[in-house]
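These notes are about the structure you will find just below.
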Amino acid sequence: MATELKPVYLITGGDRPKIQRALRRLRDRVGEEGVELLSATESGGDDAVAACNSMGLLGGGRRLVVVEEVERWKAPDVKAVAAYLASPAPDTVLALVAAELKKDSPLGKACAKSGDVLVYDVPKRRVPEWVTKQFTERGVTVDAEAVRLLVEIVGEDPEELASEVDKIATWSGGDAISTREIEVLAAGSAEVPGYELTDAWGRRDLAGALRACQTLLERSGDPVSRTVPMLIGMLVAHVGRVRDCQAYAEEGLTSREAASRLKRHPFYVEKLYAQARNYDPDELRHAVVRLAELDHAVKGGSRLAVDLELERALIDITRRRAAAIAS
């Protein structure tokens, strides 16, 4: 037997797919003909109350008023809803949706008193676990490295990740997913999948770095004169993070402890630690100086084509310095 619906539900958190499923369950219980959708960007607390009361007057079964983005509401809006909840319209359910709203907020307290507060969040450290579960629910197995790569490419937004999981799972037809499928199918979700270049540099894979550089230049919709400075900025930032991790390692910090300091995902910082072991401190200092010279060159300090200057710098900062001196 289905539980009795309550007068109000405050549904909040970053797990947007789960929020959508909760709303779908409410809509299925009520029926689409009895649903009214509002947005707090256009409708205040008085508007939500009016919708609830007018729907209650219609009769004919359950009614559902859904208000999105209620975190935008001000004190008068919350006060209007709290007053309504003291005597809610019969057979009417008010569903308030917020991206982030604490249970002990005034609206949270009012909703908890008369109904339920449902919080659906994905803790950042559990994002990979959450992604794995999304694949499992779709009948697809995925290895841990593929999950890590998907999070790195797409980011930690659950809604965007769920969309990518849907796409990849549908394409797989039930077959297992590895990093190869992620690279092919998910790379397009990022404007420029720069991890291909920074990963190759971190491995000291010169051929891979040059190949990734060429691919990035070809994929970008911008002219080379705009794309090259963007890639330089990306490399400078990445080398800087690798240097930070090398220093943290020397202090005795683990990659997880460094992740907390850097406010980065542990999987990503673990990779930075691995890359830091591939370069000695002098080589990383040389890379910083060389990238500064490259930046000067592409801003008018050289007559060579900017993409050629970038390739020359990549060679300098990726191959071992001993080999560079011998040549």
How far is helix 266-276 tilted off the main Cα axis of the chain, in degrees rounded to 10, range 0 to 90? 0
Heavy-atom SASA rank of LYS113, LYS6, LYS271 (probe 1.4 Å, accessible area, largest first): LYS113, LYS6, LYS271
Could you name the lysines in cross-link range of LYS102, using Cα to Cα under 27 Å and dropping any fewer than eight places away on the same chain? LYS6, LYS18, LYS74, LYS79, LYS113, LYS124, LYS133, LYS263
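Return a whole-number percent for the relative contact order of the stretch 153-303, with Cα pairs under 8 Å and 6 or more residues apart as the contact set.
19
In whole percent, what relative contact order does the stretch 39-194 give with Cα contacts below 8 Å and a gap of six or more residues?
Numbers: 171 pairs, mean separation 27.3, N = 156.
So the answer I get is 18 percent.
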Counting only heavy atoms of the protein chains, get the accessible area per residue of the chain (1.4 Å probe) and round it to a whole Å² value. 52
So how far, in whole Å, is the C-alpha centre of the stretch 115-170 from the one of the stretch 288-305? 40
Tilt of helix 144-154 relative to the longest C-alpha principal axis of the chain, in degrees (0 to 90, nearest 10)? 80
Using a Förster distance of 35 angstrom, determine the FRET efficiency expected from the C-beta separation of ARG256 and ARG25, and round it to 0.05. 0.40
Ranked by how many other beta carbons lie within 10 Å on average, peptides 115-121, 311-317, 197-203, 172-178 from highest: 197-203, 311-317, 115-121, 172-178
Could you calculate the FRET efficiency of ASN278 with ARG180 from 1/(1 + (r/R0)^6), where r is the beta carbon distance between them and R0 is 22 Å, rounded to 0.05? 0.40
Using only Cα atoms, tell me the angle between helix 281-296 and the longest principal axis of the chain; keep it within 0 to 90° and round to the nearest 10. 80
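Order of 14-26, 250-262, 40-52 by packing, highest average Cβ count within 10 Å first? Before the final figure, lay out the partial values.
On the way: 14-26: 16.6, 250-262: 14.7, 40-52: 18.2.
Per-residue Cβ counts within 10 Å, averaged per peptide and sorted highest first, yield 40-52, 14-26, 250-262.
If you build the Cα gyration tensor of the stretch 220-285 and take the root of 5 times each eigenvalue, what three semi-axes come out, in whole angstrom, biggest first?
Working: eigenvalues 139, 40, 14 Å².
They are 26, 14, 8 Å, listed from largest to smallest.
Below 8 Å, C-alpha to C-alpha, sequence gap of six or more: please give me the relative contact order for the chain in percent.
Numbers: 416 pairs, mean separation 47.6, N = 327.
Computed value for the chain: 15 percent relative contact order.
The values are calculated or read from the model by the stated rules, or taken from the named source; none is laboratory data. Only a predicted model underlies this, so the values are computations on that prediction, with no experimental measurement involved. No Cβ is skipped: glycine too gets one built from the backbone with ideal geometry, and neighbour counts run over all protein chains shown. Keep in mind that these areas ignore ligands, DNA and RNA; they rest on the heavy atoms of the full protein, side chains included. Shrake-Rupley method; radii C 1.70, N 1.55, O 1.52, S 1.80 Å.
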